[in-house]
1. Rounded, prolate or oblate: which one fits region 213-434, using the alpha carbon gyration tensor with axes a ≥ b ≥ c (rounded when a/c is under 1.5, else prolate when a/b beats b/c, else oblate)?
2. Grab the beta carbon distance between Val385 and Glu343, set R0 = 41 Å, and tell me the FRET efficiency rounded to 0.05.
3. For the pair Ala222 and Leu293, how long in nm is the line joining their label points, each one 7 Å along Cα→Cβ?
4. Let me know the charge dipole size of region 3-104 about its Cα centre in debye, to the nearest 20, where only the beta-carbon of Lys, Arg (+1) and Asp, Glu (-1) is charged.
5. So between Ala330 and Arg207, what do we pick up on full extension, going 0.36 nm a residue minus the alpha carbon distance?
6. Report the per residue volume, in Å³, of the convex hull enclosing the C-alpha atoms of region 3-104.
7. Where does the charge balance sit around Val290 when Lys and Arg score +1, Asp and Glu -1, over other residues with C-beta under 12 Å from its C-beta?
8. How much net charge surrounds Ala417 when only the other residues with a Cβ under 13 Å from the Cβ of Ala417 are counted, with Lys and Arg +1 and Asp and Glu -1?
Amino acid sequence: MSFEITLPRLGWDMVEGALASWLRQDGEFVRTGELLFSVEGDKAIQEIEALDSGYLRILPNGPQPGDKVPVGTLLGYLVPQEQLASFRFPGSDLPDSPKQATEAMKVVEPALVTSQEQAGAPSGDGRKRRIYISPYARRLAESLGVNWQMIEGSGRAGRIMAKDVEAIATLGELEAPIAAPISIWQPPPVQPVMPAPALQPATTAARAAMSPIRRKIAEHMAKSAHTTAPVTLTSEVDATELVSLRKTLKDDAASNGQAVPSYNDLLAKLSAQALLEHPLVNARIEGDEVVQLATVNIAIAVDTDRGLIVPVLRDVQTKTLRQLAQESAALIEKTRNGTVSYEELQGATFTITNLGMFEIDAFTPIIDLPQCAIVGAGRIVPKQVVVDVGTGRVEIRQMMVLSLTFDHRLIDGAQAARFLQRVKKFVENPYLWLVG
């Protein structure tokens with residue numbers, strides 16, 4: 001029997017997702033375990049494997065790439081060879097065979113509909129043409145004031161896509177021509193005194209639906225702001241020794257062809273040691289209980305073209321800098337190219353975010369629930385620093401600012417200050433973590 005292909009649930013709180021793309025063609029034979037399609041969820045794009053073998057039949061009037069649909073939505077079928085000839089899409093009069101489906105998938109340029117039959121009115125045989133439009137394209141048409149019923153779609157089976165709406169929108173609004181009024185002579189009116197022109201409201205430059213990732217970020221950040229009692233402490237840190245250590249590691253890694261530990265890797269290792277000494281910062285609130293966690297899993301904030309994503313380095317307290325460098329480099333690459341898995345985004349106990357590359361000195365990072373703290377790193381910049389108060393000796397030192405935001409519901413100010421002080425100590429003397 002045919003195997004239904006539905007939109008999977010990628011995370012426990014996922015209720016909808018977007019069909020990113022089909023990885024196989026309609027009518028193509030697919031084996032169990034082969035990649036079938038990709039889904040854009042709340043945080044990442046996940047490639048989905050086929051759970052059975054068969055010929056792929058994509059639902060002609062089903063979700064199109066880019067459409068957001070609820071979990072469990074039917075996308076298509078995997079049809080055994082012996083049933084392919086007799087296969088019919090349930091409840092549909094659209095093309096059923098792979099050959100017919102291929103013909104139906106021919107792409108045409110979006111165009112205005114000019115005939116009554118195309119617009120959905122009765123055709124010569126008395127039937128109305130069914131018009132298919134993706135939910136996103138319909139919302140886009142409504143926001144742009146475009147009459148989508150007057151568009152010929154370029155999608156499968158004539159489905160109207162967002163690009164069709166945008167193409168028509170550039171031509172101007174679809175309006176019926178207005179008959180010219182009959183000209184009747186009137187005596188010239190007395191010219192009134194014209195009032196000052198009214199102030200015009202700001203015009204809308206663009207309007208678009210939030211992506212699933214952007215919507216999830218918005219929900220998560222708002223929940224954090226409304227749930228936690230955030231307080232931010234900042235401390236200027238002498239990172240001269242840290243810069244020297246990284247240069248040594250970089251030179252050594254280059255000669256051995258190994259991954260170079262980044263400043264985030266170094267901060268992760270040093271923060272992990274401080275978290276072991278201050279376990280309350282590595283805890284979370286669950287109901288009326290405080291749960292202290294045995295492992296240190298540190299999330300690293302990564303800027304991508306889809307938005308902010310935070311993959312997780314696990315068991316940081318047990319790994320060497322070389323191991324962290326290799327794992328983080330691979331994880332960040334997967335995050336940026338969209339292949340990071342949901343499992344690699346879960347389970348963080350602490351987060352590091354770094355805006356130093358944007359020449360930011362200090363900022364207020366937002367706690368990523370259910371964690372209770374996050375540290376933000378600013379840029380490292382050379383400054384004149386008094387190193388000997390007695391003699392007034394001044395040196396050029398590599399200085400940076402660390403910003404710790406913590407949840408005051410769980411952590412008191414003095415506890416947070418002691419933790420930040422310990423991280424500062426490790427940054428200024430990065431070899432201390434070797435001896436604990």
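1. oblate
2. 0.40
3. 2.6 nm
4. Charge dipole, region 3-104, about its Cα centre: 60 debye, nearest 20.
5. So the chain would gain 40.7 nm between Ala330 and Arg207.
6. That works out to 92 Å³ per residue.
7. -2
8. Surrounding charge for Ala417 is +3.
FYI, it's all coordinate maths here, none of it is from the lab. This is a predicted model, so every value here is computed, not measured. FYI the Cβ positions are ideal-geometry reconstructions off the backbone, even for glycines, and counts take in every protein chain you see.
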